[in-house]
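Undergrad: Got a structure here, written out as structure tokens. Questions coming.
No value in this document is a laboratory result; all are computed from the given coordinates. Quantities reported herein were computed from a predicted structural model and do not represent experimental measurements. Because the Cβ atoms are built from the backbone with ideal geometry, glycine has one as well, and the counts that use them run over all protein chains shown.
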Amino acid sequence: MARTSASQDDQIKDQTFSELQALIEESEKLLNRSASLVGEEAESLRGQIALKLQQARDAMSSARARTQPVVDATETYIGGHPWQTVAIAAGFGLVVGLLLGRR
């Protein structure tokens, strides 16, 4: 059961990064198409687009680098302690249920 959830999380994460990558690629295409525009404003616009694209790439790389150790540690713990994980989840569910039941 935990593996299925981890697999779904991986799919969601991969889909998110794929969509962000597609956005970056589309922006690059638009930037290349705007090369036919002339003038100071067009050059300024291309510079701003290029800067934003680089910031998006950096943010994506940074997010992936920051989250990967947490994902790996979680998968290792869950894989090594499946019954403890189930007990913790059940305990958490019980506490939340009791809190919601008091209302």
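Undergrad: Helix-only mean residue ellipticity at 222 nm, the chain, DSSP H runs n ≥ 4 weighted -39,500 (n - 2.57), per residue, nearest 500. What is it?
TA: Theoretical 222 nm ellipticity from helices: -32500 deg cm²/dmol.
Undergrad: Once the dipole of region 2-101 is set up with Lys and Arg at +1 and Asp and Glu at -1 on Cβ about the Cα centre, which of GLY47, ALA65, LEU99 lies farthest towards its positive end?
TA: Going by the charge dipole, the pick is LEU99.
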